[in-house]
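Read through the structure below, which is laid out as structure tokens, and then see the notes.
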Amino acid sequence: MKSANGTVFKFGDNVDTDVIIPARYLNTTDPAELASHCMEDIDRNFIKNVKSGDIIVANKNFGCGSSREHAPIAIKAAGVSCVIAETFARIFYRNSINIGLPIVECPEAARQIGAGDQVSVNFDSGVITDETTGKTYQGQAFPPFMQKIIDCEGLINYINASH
């Protein structure tokens, strides 16, 4: 399984799906269109500044609110390679796996990593390294079946590859 390496965009507690992708844009399922509005209600410049491979770090309950898949799709399509948080809303967690967006729970990393830090994540081991500070954190590694789903870029591709 691969790893992620990018610049951190930092968010706080309870970042809900309406902030990740505002409801006014839910009339499309086009990933590029969703990405163009990702996080705009919490960080107007997010989409202008995010680069492929960058990482979102947030505190508790990331992805709470509506169960829509649009939220992880918008994040992934914006180029974000991984989301690290203290905790995730359970439906967001599962939707992220289903669409192939790697997410890692690690309270210590979520609290200590700062905006703008360069961070790498090894998905096999769950080790998160803040390249800026030199600190490492042990995040929760994915079980093998989840790693396969993410490697296939989502559940549908995983199912199709299995047949």
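Could you list, in sequence order, all residues of the stretch 37-50 that are of a type outside the set (Val, Ile, Thr) and either surrounded by 19 or more Cβ atoms within 10 Å (Cβ to Cβ) or closer than 11 Å to ALA77 by Cα (or both)? Result: HIS37, CYS38, MET39, PHE46.
Here's the yes/no breakdown for (1) more than 20 Å from ILE149 (Cβ to Cβ); (2) not hydrophobic (A, V, I, L, M, F, W, C):
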| residue | (1), (2) |
| --- | --- |
| ASN27 | yes, yes |
| GLY63 | no, yes |
| ARG68 | no, yes |
| LYS76 | no, yes |
| ARG90 | no, yes |
| ASN95 | no, yes |
| ILE99 | no, no |
| GLN118 | yes, yes |
| ILE128 | yes, no |
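With respect to ARG90, is the statement that it is within 16 Å of ILE20 (Cα to Cα), among the basic types (Lys, Arg) and either at pLDDT below 95 or touching an Asp or Glu at 6+ places or on another chain (Cβ under 8 Å) (or both) true? Let's see the steps before the verdict.
Numbers: within 16 Å of ILE20 (Cα to Cα): yes; among the basic types (Lys, Arg): yes; either at pLDDT below 95 or touching an Asp or Glu at 6+ places or on another chain (Cβ under 8 Å) (or both): yes.
Considered against the rule, which asks whether it is within 16 Å of ILE20 (Cα to Cα), among the basic types (Lys, Arg) and either at pLDDT below 95 or touching an Asp or Glu at 6+ places or on another chain (Cβ under 8 Å) (or both), ARG90 comes out as yes.
Quick one: in the stretch 99-115, which of the residues that are part of a helix (DSSP H, G or I) and aliphatic (A, V, I, L, M) is nearest to the chain's Cα centre (by Cα)? Write out each step before concluding.
In the first step, residues of the stretch 99-115 are kept if they are part of a helix (DSSP H, G or I); the result is 99, 107-112.
Those left that are additionally aliphatic (A, V, I, L, M): 99, 109-110.
Numbers: ILE99: 11, ALA109: 14, ALA110: 13 Å.
Ranking the qualifying residues of the stretch 99-115, first place goes to ILE99.
Looking only at residues in the stretch 49-77 that are touching a strand residue (DSSP E or B) at 6+ places or on another chain (Cβ under 8 Å) and hydrophobic (A, V, I, L, M, F, W, C), the one that is farthest from GLN118 (Cα to Cα) is CYS64. Scanning the stretch 78-94 for residues that are crowded, with 19+ Cβ neighbours inside 10 Å, within 22 Å of LYS51 (Cα to Cα) and either out of contact with any strand residue (DSSP E or B) (no Cβ under 7 Å at 6 or more places or on another chain) or hydrophobic (A, V, I, L, M, F, W, C) (or both) yields a total of 6.
Within the bounds of the stretch 116-124, is there any residue that is free of Cβ contacts under 8 Å to residues at least 60 places away in the same chain, out of contact with any helix residue (DSSP H, G or I) (no Cβ under 6 Å at 6 or more places or on another chain), outside any loop (DSSP other than H, G, I, E, B) and not charged (D, E, K, R)? No, because not a single residue in the stretch 116-124 is free of Cβ contacts under 8 Å to residues at least 60 places away in the same chain, out of contact with any helix residue (DSSP H, G or I) (no Cβ under 6 Å at 6 or more places or on another chain), outside any loop (DSSP other than H, G, I, E, B) and not charged (D, E, K, R).
For ILE97, are the conditions met, namely being under 14 Å from ASN5 (Cα atoms), buried (at least 19 other Cβ atoms within 10 Å of the Cβ) and at pLDDT 90 or above?
On the way: under 14 Å from ASN5 (Cα atoms): no; buried (at least 19 other Cβ atoms within 10 Å of the Cβ): yes; at pLDDT 90 or above: yes.
It is false that ILE97 is under 14 Å from ASN5 (Cα atoms), buried (at least 19 other Cβ atoms within 10 Å of the Cβ) and at pLDDT 90 or above.
Selection of the stretch 104-163 for residues being small (Gly, Ala, Ser) and surrounded by fewer than 16 Cβ atoms within 10 Å (Cβ to Cβ) yields GLY114, ALA115, GLY116, SER125, GLY134, ALA161, SER162. Only one residue in LEU34, LEU26 is crowded, with 17+ Cβ neighbours inside 10 Å, of a type in the set (A, V, I, L, M) and in contact with a His (Cβ under 8 Å, 6 or more places away or on another chain). Which one? LEU34 is the lone residue from the list that is crowded, with 17+ Cβ neighbours inside 10 Å, of a type in the set (A, V, I, L, M) and in contact with a His (Cβ under 8 Å, 6 or more places away or on another chain). Residue count for the stretch 19-58 satisfying the condition of being farther than 23 Å from VAL104 by Cβ and outside any loop (DSSP other than H, G, I, E, B): 6.
The values are calculated or read from the model by the stated rules, or taken from the named source; none is laboratory data. Only a predicted model underlies this, so the values are computations on that prediction, with no experimental measurement involved. Cβ: placed from backbone, ideal geometry, glycine included. Neighbour counts: every protein chain shown.
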